[in-house]
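Below is one structure, written out as structure tokens; the observations come after it.
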Amino acid sequence: PRERETVLRQIAALKGERNATVLAHNYQVPEVQDIADLVGDSLELARAAANLDSDVIVFCGVDFMAETAAILSPEKTVVLPAADACCPMARMITAGEVRVLRQRFPDAAAVAYVNTSAEVKAESDICCTSANAVAVVESLAAEQVIFLPDRNLARYVARFTAKEVLPWDGYCIVHERMTADEVAAARRAHPDAEVLVHPECRPGVIDLADHVFSTSGMVRHACTSTAREFVIGTEVGLLHQLEKQCPGKVFYPLSNRAICVNMKKTNLSAVLRALERLKPRVTVPEDVAARARTAIERMLALPR
Ligand code: 13P
Ligand code: SF4
């Protein structure tokens, strides 16, 4: 393995040579977050991918995020340093299954969480992320909404809308494991802490939380809240960003088991290799990309 300082220097030099931007999701390992040009949640990273003027995007995250970047910026080279970094939830629904749903509910609009394949997005009317799911559903004219693939996010959205929400039965294997008992135990252990959880958590966990946010929503809230301590109900990678952005505050993971193995497949050597080779490249065939782009751009066009 190459020495860390050398790797860091090589990454910096190649970024310049290639006119590349490194985007990293909040769940990436600390060393990757620390070399990224932007660290954020799915929505922030999608917006960045749409607006960057670099030639290359190195996407440190999972496949659907890099696909979204490639759809929004087809003229750029988008590379995913860990070729096999996928989101298991995104694989819980196929484009064919969306088509069947649309035939069964012809009056319903279809909302695809960004954690889906490009093919699934292409069959949907609009995308959403955990940061804007309620606003996306409320923006639709239809009174009935197919919401896929996350049943927990669908149920969370249903709390805030009068529309009929029809959930698909997918879930995040990391957030699904968190329990209401863990929230109760964390409250006993840290009675002064605020409990922040992600909307991919189960309803029983959401019921006991103080606030529900996307990953970057948690960072913004923790920095401005008067609370000094927080229990964090999401993937543990976020703790690095929380500690960095909110110095002096203390963060406890709701569960030490909340690790997304796919988000941990990217390391500095993989980033360097990706910059050297401009591979593994992520591309989306233009017929699929064009339809998926419509769904993503509808989401991005909504007021913030
Ligand atoms: P955010 O958009 O809140 O960062 O969530 C992404 C994700 O994969 C959650 O598990
Ligand atoms: Fe997918 Fe869950 Fe990992 Fe996010 S944390 S990438 S939703 S498996």
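The values are calculated or read from the model by the stated rules, or taken from the named source; none is laboratory data. This is a predicted model, so every value here is computed, not measured. Methodologically, a virtual Cβ is constructed for each residue, glycine included, from the backbone with ideal geometry; neighbour enumeration extends over all protein chains shown.
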> In the range 136-151, is there at least one residue being surrounded by fewer than 19 Cβ atoms within 10 Å (Cβ to Cβ), of a type in the set (D, E) and over 22 Å from T94 (Cα atoms)?
Replying inline: yes
>> So, in the range 122-135, exactly how many residues are of a type outside the set (S, T, N, Q) and out of contact with any helix residue (DSSP H, G or I) (no Cβ under 6 Å at 6 or more places or on another chain)?
In response: 2
> Could you count how many residues in the range 93-119 are under 16 Å from the mean Cα position of the chain (by Cα) and of a type outside the set (F, W, Y)?
Replying inline: 7
>> If a residue must be within 16 Å of the chain's Cα centre (by Cα) and over 13 Å from V22 (Cβ atoms), how many such residues does the range 38-64 contain?
In response: 10
> Restricting attention to the range 246-256, does a residue exist that is modelled with pLDDT under 95 and more than 16 Å from ligand 2 (Cβ to nearest atom)?
Replying inline: no
> Can you name the residue in the range 136-150 that is within 14 Å of ligand 1 (Cβ to nearest atom) and outside any strand (DSSP E or B) and, of all such residues, is farthest from A85 (Cα to Cα)?
Replying inline: V136
>> Anything in the range 7-35 that is part of a loop (DSSP other than H, G, I, E, B) and either within 16 Å of ligand 2 (Cβ to nearest atom) or surrounded by 20 or more Cβ atoms within 10 Å (Cβ to Cβ) (or both)? List them, or say none.
In response: N26, Y27, Q28, V29
>> Condition first: part of a helix (DSSP H, G or I) and within 13 Å of M65 (Cα to Cα). Now tell me which residues in the range 90-120 satisfy that.
In response: A90, A118
> Got a number for residues in the range 115-141 being farther than 20 Å from G40 by Cα and not small (G, A, S)?
Replying inline: 9
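Matching residues to (1) within 16 Å of ligand 2 (Cβ to nearest atom); (2) free of Cβ contacts under 8 Å to residues at least 24 places away in the same chain:
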position	(1), (2)
P74	no, no
T77	no, no
A83	yes, no
M89	yes, no
G96	no, yes
R102	no, no
V114	yes, no
